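Undergrad: This is the structure, below, for whatever I ask next.
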Amino acid sequence: GKVAIQYANGNGADSSNGISPRLKLVNNSSSAINLKDVKIRYYYTIDGEKPQTFWCDWSSAGTSNVSGTFNKLPSSKNGADHYLEISFASGAGTLDPGNSVDVQTRFSKNDWTNYSQANDYSFISTASDYTENNKITVYVSGKLIWGNEP
């Protein structure tokens, strides 16, 4: 319980040309966490392998300090064949104990074809407001400290 992820979907539709995870990383530990050491993974099915683009629409750590990369899993899992990995630049600073950082993101395929979110591992269709989601993982310095991988 050093950290937790709270999640809200910015788009709860099953079929959509964009996935919009809104994330809140909460520091429940007794020490500050350097955000540049944090990686957050959101797992999904790509539903047609195409190049994708990531956007950070807003973050309390500074939009320019947030980046996202797409990664294909070595083998498909239940509800996931890819994950979006969100990371922070050194300019994001630290996350003090008892505080949180908000990250509002979205991503799409470059040709705007639809994803089916209903079968995505990290997706919760009813999460219109922040709720803990242990199907989104958090790594600090490469070590898994929150969530369950698919």
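The values are calculated or read from the model by the stated rules, or taken from the named source; none is laboratory data. On a predicted model such as this, the values are computed, not experimentally measured, just so you know. Glycine also receives a Cβ, built like all others from the backbone with ideal geometry; neighbour counts cover every protein chain displayed. For the accessible areas, the whole protein counts, side chains as well, though only heavy atoms, and no ligand, DNA or RNA atoms are used. Shrake-Rupley method; radii C 1.70, N 1.55, O 1.52, S 1.80 Å.
Undergrad: Give, in whole angstrom and from largest to smallest, the semi-axes √(5λ) of the equivalent ellipsoid of the range 14-86, with λ running over the eigenvalues of the Cα gyration tensor. Could the numbers behind the result be given before it?
TA: Numbers: eigenvalues 126, 47, 26 Å².
One finds semi-axes of 25, 15, 11 Å for the range 14-86.
Undergrad: Can I ask one more? Of SER67, SER30, SER116, which has the largest mean-square fluctuation in a 10 Å C-alpha GNM of the chain?
TA: It is SER30.
Undergrad: Setting aside same-chain residues fewer than 8 positions from LYS36, which lysines have a Cα under 20 Å from its Cα?
TA: LYS2, LYS24, LYS143
Undergrad: Once the dipole of the range 1-122 is set up with Lys and Arg at +1 and Asp and Glu at -1 on Cβ about the Cα centre, which of THR69, ASN17, ALA92 lies farthest towards its positive end?
TA: Result: ALA92.
Undergrad: Then there's this: Once the other residues with Cβ under 9 Å from the Cβ of GLN104 are scored (Lys, Arg +1; Asp, Glu -1), what is the net sum?
TA: Computed value for this residue: 0.
Undergrad: Leaving out ligands and nucleic acids, and using a 1.4 Å probe, what accessible area per residue does the range 107-150 come to in Å²?
TA: Value returned for the range 107-150: 51 Å² of accessible area per residue.
Undergrad: Name the residues whose placed amide hydrogens come within less than 5 Å of the amide hydrogen of ASP57, ignoring near sequence neighbours (fewer than 5 apart) on the same chain.
TA: Sorted by chain and number, the residues that satisfy this are GLN104, THR105, ARG106.
Undergrad: With a 10 Å cut-off between alpha carbons and a GNM built on the chain, which of PRO74, PRO51, PRO97 moves the most?
TA: Judging by the Gaussian network model, the answer is PRO74.
Undergrad: Same structure, new question: Mind checking the range 48-150 for trypsin sites (Lys or Arg not before Pro) that DSSP puts in a loop (not H, G, I, E or B) and that have at most 15 other Cβ atoms within 10 Å?
TA: none
Undergrad: With +1 on the Cβ of every Lys and Arg and -1 on the Cβ of every Asp and Glu, and nothing else charged, how large is the dipole of the chain about its Cα centre, in debye rounded to the nearest 20?
TA: 300
Undergrad: In whole percent, and with a 1.4 Å probe on the protein chains, what portion of the accessible area of the range 55-150 is carbon and sulfur?
TA: About 44 percent, which is the carbon plus sulfur part of the accessible surface.
Undergrad: With Cβ to Cβ distances under 10 Å as the rule, what net charge do the other residues near GLN6 carry (K, R +1; D, E -1)?
TA: Working: positive: ARG22, LYS24; negative: ASP102, ASP129, GLU132.
For residues surrounding GLN6, the net value is -1.
Undergrad: Tally Lys/Arg at +1 and Asp/Glu at -1 over every other residue whose Cβ is under 13 Å from the Cβ of PRO74; what's the total?
TA: Summing Lys and Arg as +1 and Asp and Glu as -1 gives 0.
Undergrad: Then there is this: Which residue, PHE123, ILE46, SER60, has the largest displacement toward the positive end of the dipole of the chain when charges sit on each Cβ (Lys, Arg +1; Asp, Glu -1)?
TA: SER60
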